[in-house]
1. Checking Q38 against (1) polar (S, T, N, Q); (2) at positive phi; (3) under 16 Å from the mean Cα position of the chain (by Cα): exactly one of these is not met. Which one?
2. With the stretch 1-97 as the region, which strands (runs of 3 or more DSSP E) entirely inside it contain at least 2 residues that are among the basic types (K, R) and in contact with an Asp or Glu (Cβ under 6 Å, 6 or more places away or on another chain)?
3. Quick check on the stretch 73-96: of everything there that is of a type in the set (A, V, I, L, M, F, W, C) and under 20 Å from Q118 (Cβ atoms), which residue is surrounded by the fewest Cβ atoms within 10 Å (Cβ to Cβ)?
4. Kindly indicate whether any position in the stretch 47-70 is among the polar types (S, T, N, Q) and surrounded by fewer than 16 Cβ atoms within 10 Å (Cβ to Cβ).
Amino acid sequence: MTGLAEFEGRWSLSRKIVDQRAGLTGRLQGEARFEVGQGGLVVTETGMLRYGDGAPLQAERRYLWRSEAGGIAVFFYDGRAFHWFSAEETEASHDCPPDLYQVRYDFSTWPAWRAIWQVTGPRKDYVMESRYARRPGDL
């Protein structure tokens, strides 16, 4: 992984959420699309989320990824800054008082890759691991 353009395309997405506070595990199976737009890539993640014994839910979230300072700046879809990372600096954090979001990107099996989030706060204590793999035909 060397730059933003390498992410363009469609990826299979598999996510596991281990919520220590609630004592529940969630799983999402879906897709992440990285499409050119808004000065970088518009990232849309969609999938079916199953959390504990609850009914499955359709989930979607969007971000903006832009090349910045030799790495990738990640923004919420409304343009607010989220975090920055690069191939060399794969750890980042986002302080959203009273919660802290810390991420570690793992590109060691590129083009498959992972993002592992540790989220803590007064009402949050979970680890979320997302695994991404190229969709067939999107190499």
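1. In the conditions (1) polar (S, T, N, Q); (2) at positive phi; (3) under 16 Å from the mean Cα position of the chain (by Cα), Q38 misses (3) alone.
2. Output list reads 9-19.
3. A81
4. The answer is yes; a qualifying residue exists.
Residues checked against (1) in contact with a strand residue (DSSP E or B) (Cβ under 6 Å, 6 or more places away or on another chain); (2) within 21 Å of L28 (Cα to Cα); (3) basic (K, R):
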position	(1), (2), (3)
T90	yes, no, no
S93	yes, no, no
D99	yes, no, no
Q102	yes, yes, no
W117	yes, yes, no
R123	no, no, yes
P136	no, yes, no
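To keep it simple, each residue is scored yes or no on (1) at pLDDT 95 or above; (2) farther than 22 Å from D19 by Cβ; (3) touching a helix residue (DSSP H, G or I) at 6+ places or on another chain (Cβ under 6 Å).
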site: T46; (1), (2), (3): yes, no, no
site: Y51; (1), (2), (3): no, no, no
site: L57; (1), (2), (3): yes, no, no
site: L64; (1), (2), (3): yes, yes, no
site: A69; (1), (2), (3): no, yes, no
site: A73; (1), (2), (3): yes, yes, no
site: D78; (1), (2), (3): yes, yes, no
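The values are calculated or read from the model by the stated rules, or taken from the named source; none is laboratory data. Only a predicted model underlies this, so the values are computations on that prediction, with no experimental measurement involved. Every residue, glycine as well, gets a Cβ built from its backbone with ideal geometry; the counts of neighbours run over all protein chains shown.
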